[in-house]
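So the structure is just underneath, and the comments pick up after that.
We did not get these values from a lab; they are worked out from the coordinates using the rules stated. For clarity, every value in this text was computed on a predicted model and none was experimentally measured. Note that each Cβ is placed from the backbone with ideal geometry, even for glycine, and that neighbours are counted across all protein chains shown.
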Amino acid sequence: MKRALATAVFFAALIAAWHLASTSGRWSAVLLPSPHDVLDYLIGAGGDGTLAAATLVTLKRLLVGYAVGVAIGIPLGLLTSTSRFFEDTVGALALGLQTLPSVCWIPLALLWFGQSEGAMLFVVIMGAVGSVLIATDTGARSIPPIYARVARTMGSEGFDKWTRVILPASLPFLVSGLKQGWAFAWRSLMAAEIYVTILSGFGLGHLLHYGRELSAMDQVIGIMLVIVAIGLLADKVLFSPWERFMHRRWGTGLK
Amino acid sequence: MGNSNSTPSPAAKLAVENVSKHFRTKRADVQALADVSLTVGEGEFVALVGPSGCGKSTLLDIMAGLTAPDAGRVMADDRPVEGPGRHRLVMFQESALFPWLDVAGNVMFGLKRIPGLSAAERRRIADEHLDLVGLSRFRHAYAHELSGGMKQRAALARSLAPDPRVLLMDEPFAALDALTAEQLYADIQRIWQARRKTIIIVTHSAREAATLADRVIVMSPSPGRIHEQFTIDLPRPRDINAPELAVIAQRITTTLKGYLPKDAAS
């Protein structure tokens, strides 16, 4: 309760400071709209469906691209953790590509896929695969060897061992890797949507882009707030249940 | 009782035949086991004791099929052991319970590998074994919620549930406090008398070996060899603090001390 209060007071103070700054007359309202203007924009865009439509387009790209990224990243990570050949080839490639900011994929994606959904998905997938792969690899390597020995003595080998021992045992690493993959996918998609105009759907990134084109700062800040809210919500909906599951069973993170 | 094979061995369940094993490290080539032969009878309770480095754990691993010998072989029911299998289950010093499963889930883990068992049968077998080790009330607990002794009980139930023919135990009580270990000695003897499994336990404690086993095999180090055997024919259940047991443990300890470097033995 006390903590919630501290949070509320902090953000109220922040908004109050913003309000004071915008009404001081020091900065033009075009550059610094008041909190009230931003709220007006959000209510308007929310009411006429613009916001919902853009959010839907963006989330669809994100979820599809992320799901594909995870589906590629987890099996590849398991492979690189067990096979020296895959570690030296695919693993090295993933490590190298991890250093490449995912925005750098956009020019390539545009030339390969044109102004299409394909380009968007490609950028999101490339953003997610690397970190999911590396987290899975690290997770599988960090499993106490005794678990694998116990599994072997009980006749669990091959696919059964991977699905019933190695994957659940690497859950603590996997969850943080999936979270990181999500964050990367989200950043890549926003970069792609701001950078690339495609006709198959206007996402949140496009609204942000057009806000700038039209010098509509209330829209720019409003959309930024929506993007933050979606990020927080995804964390709560997608990852918190897994983290609770893990802490309960491993006995970690207890206060 | 005595240091001979006076009691006729029942049909050999597990036969170790001329097994040798080397470990090559950067610094040295260690011969862990040199030409070790040993037979363990049906339903026999055997303890392997020896100072550290005598290869007793390596021998257990080879019997389990977790490690392949350089020479020789292990026969289980007259068939060569080529890998681990659910007829020879191993219990380790750490319980190694899977943290993502509750106690019942851990006990059922091995049962899933047995073809033809329905989910209801798996649950029934798990319940029966949790009852056997006295953990029925904790079937839904997770490993981190159990004490050290309870963890080893759960690990024991997990090893017994798939009904192995041989139970291999690698210093299973070494990490427990004395009082907890004593309770488990009583439990193991009770379970062994009820189930008549063939049990082979590795330990560094002469008293523990004499309390639990029918036969204590003393191994000597570098290279690991079987040095001497003691048959223990005291009535069961045995108490680790019984004076007649202390006499035997003393003799085993004297044999063990013979392997220590001369100046350390004094």
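Once the C-beta distance of B:Ala141 and A:Glu157 is scaled by a Förster radius of 22 Å, the resulting FRET efficiency is 0.20 to the nearest 0.05. From the Kirkwood radius over Cα pairs of chain A, Stokes-Einstein at 20 °C and 1.002 mPa s returns a whole-number translational diffusion coefficient of 103 µm²/s. Compared with the alpha-carbon gap, the fully stretched path from B:His204 to B:Ser37 is longer by 58.1 nm at 0.36 nm per residue.
Which values of log₁₀ I(q)/I(0), to two decimal places, follow from the Debye formula for chain B at q = 0.17 Å⁻¹ with a uniform point scatterer at every Cα? Relative scattering, expressed as log10 I(q)/I(0), comes to -1.39. Figure legend: label point modelled 7 angstrom from the Cα of A:Leu39 along Cα→Cβ; no residues of region A:199-219 have amide N under 11 Å from it.
Here the mean projected area of the convex hull built on the C-alpha positions of region A:181-255 is 6.6 nm².
How many angstrom lie between the Cα centre of region B:35-92 and the Cα centre of region A:1-41? Computed from Cα coordinates, the inter-centre distance equals 73 Å.
Note down the net charge around B:Arg153, summing +1 for each Lys or Arg and -1 for each Asp or Glu among other residues with Cβ under 13 Å from its Cβ.
My count for the surroundings of B:Arg153 gives +3.
Determine Rg/Rh for region B:98-163; Rg is computed over alpha-carbon atoms and Rh is the Kirkwood hydrodynamic estimate from the same atoms.
Ratio value, two decimals: 0.94.
Sequentially through region A:115-121, phi angles give Karplus couplings (6.51, -1.76, 1.60; θ = phi - 60°) of 7, 9, 4, x, 4, 4, 4 Hz, Gly and Pro residues having no value and appearing as x.
Expressed in units of 2.2 N^0.38 Å, where N is the residue count, the Cα radius of gyration of the protein assembly as shown is 1.35.
Of all segments of chain B bounded by trypsin sites (Lys or Arg not before Pro) found in a DSSP loop with no more than 10 other C-beta atoms within 10 Å, the longest spans B:28-266.
Expressed in nm², what is the orientationally averaged projection area of the convex hull enclosing the Cα positions of region B:195-266?
Its Cα hull, projected and averaged over all orientations, spans 5.6 nm².
For the pair A:Met1 and A:Gln98 in one chain, pulling the backbone fully straight at 0.36 nm per residue adds 30.8 nm over the alpha carbon distance.
Once every Cα of region A:1-112 carries one equal point scatterer and solvent is ignored, give the base-10 log of I(q)/I(0) from the Debye formula at q = 0.14, 0.15, 0.21 Å⁻¹, two decimals. Results for region A:1-112 at q = 0.14, 0.15, 0.21 Å⁻¹ read -0.91, -0.94, -1.13.
If a spin label sat at a point 7 angstrom from the Cα of A:Val237 along the line to its beta carbon, the backbone N atoms of region A:49-85 nearer than 11 Å would be those of A:56, A:59-60, A:63. Working note: Debye formula, equal point scatterers on the alpha-carbon atoms of region B:3-149, no solvent; log10 I(q)/I(0) at q = 0.11, 0.15, 0.19, 0.20 Å⁻¹ is -0.60, -0.97, -1.17, -1.21.
Taking amide H atoms as placed 1.01 Å from N in the peptide plane, the amide H of B:Met219 lies under 5 Å from those of B:Val49, B:Gly50, B:His227, each 5 or more residues away in sequence or on another chain. Computed from the C-alpha gyration tensor, the three semi-axes of the ellipsoid equivalent to region A:48-150 are 32, 17, 9 Å, from longest to shortest. Could you list the trypsin sites (Lys or Arg not before Pro) in region A:1-96 that lie in coil according to DSSP, counting only those with at most 13 other Cβ atoms within 10 Å of their Cβ? Sparse-neighbourhood loop trypsin sites (Lys or Arg not before Pro): A:Arg26. Coupling constants for region B:62-72 follow from the phi torsions by the Karplus curve (6.51 cos²θ - 1.76 cosθ + 1.60, θ = phi - 60°), and in residue order they are 5, 5, 6, x, 7, 10, 8, x, 6, 9, x Hz; glycine and proline get x.
Of the residues B:Ser136, B:Ser118, A:Ser240, the one with the fewest other Cβ atoms within 10 Å heads the list, and the complete ranking is B:Ser118, A:Ser240, B:Ser136. Counting neighbouring Cβ atoms within 10 Å and putting the fewest first, the residues A:Thr23, B:Thr180 line up as A:Thr23, B:Thr180. Note on region A:135-199: along the principal axes its Cα atoms extend 57, 21, 12 Å, ordered by decreasing extent. The equivalent ellipsoid of region B:154-214 has semi-axes of 18, 13, 11 Å, largest first, where each one is the square root of 5 times an eigenvalue of the Cα gyration tensor.
Listed by Cβ neighbour count within 10 Å, with the fewest neighbours leading, B:Phe230, A:Phe245 appear as A:Phe245, B:Phe230. Shown in residue order for region B:223-229 are the 3J(HN,Hα) couplings computed by the Karplus curve 6.51 cos²θ - 1.76 cosθ + 1.60 at θ = phi - 60°: x, x, 9, 7, 9, 7, 10 Hz (x for Gly and Pro). Between the amide H of B:Phe45 and those of B:Ile199, B:Asp214, B:Arg215, distances stay under 5 Å, these residues lying 5 or more places away or on another chain, with hydrogens modeled in the peptide plane. Radius of gyration (Cα atoms) of region B:119-266, expressed as a multiple of 2.2 N^0.38 Å: 1.18. Less than 5 angstrom separates the built amide H of B:Met169 from those of B:Met91, B:Ile200, B:Ile201, B:Val202, all sequence-distant by 5 or more or on a different chain.
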